[in-house]
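The values are calculated or read from the model by the stated rules, or taken from the named source; none is laboratory data. Predicted model, so just to flag it, every value in this text is computed and none were measured. Counting neighbours? That spans all protein chains shown, and the Cβs are built from the backbone with ideal geometry, glycine included. Only protein heavy atoms, including side chains, enter the accessible area calculation; ligands, DNA and RNA are left aside. Shrake-Rupley method; radii C 1.70, N 1.55, O 1.52, S 1.80 Å.
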Amino acid sequence: MLIDSHCHLNFKAYKDDLSEVIGRCHQAGMKVINVGAALVSSDKAVELAIANDNMYAALGLHPIHVYDEKFNLVAFQDLIDNNKDRVVAIGETGLDYFHLWQCLEKGAGSIEEVKKKQKEVFVSHIKLALDNDLPLIVHGRNGKEDKTAYQDIYNTLKEAGAKKGVIHCYGGDIAEAKKFVALGFHLGFTGIVTFDKTGVLEEIVKWIPTDKMLIETDAPYLSPEPYRGKRNEPIYVRHVAEKVAEIKGLSVEEVIEISGNNAIELFNLK
Ligand code: NI
């Protein structure tokens, strides 16, 4: 089954035509996980999951928002308790070393302080996931020079005893990819696979065991070819499947079937 394991129909980018976008998801017969980045967007993801039986929600405070609001454990736990089977993951959470300077503008004293804060909030998400036996949706991004985000994510997951989840929109190297998979994590691939020229992602897609791969759009961002530069939406995840199929020497239908089953199992989609 075609599943977009990570998108944001809960974001403002869809405010004018959300029902049309949702209609196209229904028409494609697909399932969609809408991922929260703060409390308001997490709430909205739950609303969408209640209104649409092919949609599910993930709850979290994105690392770039840790200076915009506090991690509200009580509110997130309430959303989980009141919406069993609709809330399927905790995230997105993780470490983002690309946007550290933005947090400095929001009042953080130093880069080290921002990193410490991101890690603290990340650990709170991991505990929430463990307490509720939910998988994590992990965001990672290296800085232009600082390439340590993924190793810090790995160490944090390991130290905190995290058990399951996805490193979404995977952007680390292959050595790090192998460590995440050995830890039991899945890797998520976006439209970037359709235009990445570095060869790194291709090598990782070729290597990854099929039972650990997920496909996603991260819509409204990261539109695949041939939609680059336009707003992304869940139905375009098929283009990610096509490219993954080409790299792995599988048929598109096989990739849709396998990655769909992986998502159903990891997120326990009902
Ligand atoms: Ni995202």
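Pairs on different chains or at least eight residues apart, Cα atoms closer than 16 Å: how many lysine pairs in the range 62-128 fit?
For the range 62-128, the number of qualifying lysine pairs is 11.
What dipole magnitude, in Debye to the nearest 20, does the chain give about its Cα centre under +1 on Lys/Arg Cβ and -1 on Asp/Glu Cβ?
For the chain, the charge dipole is close to 260 debye.
Could you check what % of the DSSP bridge pairs in the chain are antiparallel, to the nearest 5?
0 percent
Tell me the label-point distance for the pair L250, L183, using the 7 Å Cα-to-Cβ offset, in nm and rounded to one decimal.
The answer from the label model is 2.3 nm.
At what distance in nm do the modelled label points of V200 and L73 sit from each other, each positioned 7 Å from its Cα along Cα→Cβ?
3.5 nm
Probe of 1.4 angstrom, ligands and nucleic acids ignored: what's the accessible area per residue over the chain, in square angstrom?
44 Å²
Going Cα to Cα from K206, which aspartates and glutamates come in below 19 Å? Please leave out same-chain ones fewer than 8 positions away.
D173, E176, D196, E216, E242, E246, E253, E254, E257
Ignoring solvent entirely, what values of log10 I(q)/I(0) come out of the Debye formula for the range 3-267 at 0.08, 0.11, 0.14, 0.17 Å⁻¹ when each Cα is a single scatterer?
-0.28, -0.55, -0.93, -1.42
What value, in deg cm²/dmol to 500, does the helix sum -39500 (n - 2.57) over DSSP H runs of n ≥ 4 give at 222 nm once divided by the residues of the chain?
-13000 deg cm²/dmol
Applying the Karplus parametrisation 6.51 cos²θ - 1.76 cosθ + 1.60 with θ = phi - 60° to the phi angles of the range 103-115, what ³J(HN,Hα) value in whole Hz is obtained for each residue in order, glycine and proline being reported as x?
5, 4, 5, 8, x, 5, x, 7, 4, 4, 5, 5, 4
Among 141-149, 12-20, 114-122, what's the highest-first ranking by average C-beta atoms within 10 angstrom per residue?
Details: 141-149: 14.7, 12-20: 12.1, 114-122: 20.1.
Per-residue mean Cβ counts within 10 Å order the peptides as 114-122, 141-149, 12-20.
What ³J(HN,Hα) values, in whole Hz, does the Karplus curve 6.51 cos²θ - 1.76 cosθ + 1.60 give for the range 52-69 when θ = phi - 60°, with x put for Gly and Pro?
10, 6, 9, 10, 9, 10, 10, 10, x, 10, 4, x, 6, 9, 5, 9, 8, 7
Pop out the ³J(HN,Hα) list for the range 84-94 in order, Karplus 6.51 cos²θ - 1.76 cosθ + 1.60 with θ = phi - 60°, rounded to Hz; leave Gly and Pro as x.
Going residue by residue, I get 4, 6, 9, 8, 10, 7, 10, x, 8, 9, x Hz, with x marking Gly and Pro.
Using 1/(1 + (r/R0)^6) with R0 = 41 angstrom and r between the beta carbons of N132 and E257, what's the FRET efficiency to the nearest 0.05?
Calculated value: 0.90.
Of all trypsin sites (Lys or Arg not before Pro) in the range 162-265, which ones are in loop regions per DSSP and have a Cβ with at most 12 other Cβ atoms within 10 Å?
Hits after loop and neighbour filter: K197, R228, K230.
Going by average Cβ neighbours within 10 Å, how do the peptides 73-81, 33-41 rank, with the highest at the top? All intermediate terms of the calculation are to be shown ahead of the outcome.
Working: 73-81: 14.7, 33-41: 23.2.
Averaged packing, sorted descending, gives the order 33-41, 73-81.
Non-local amide H neighbours of H6 (under 5 Å, H modeled in plane, Pro and chain starts lacking H): which ones?
Close amide H contacts, sequence-distant or interchain: I33, T217, D218.
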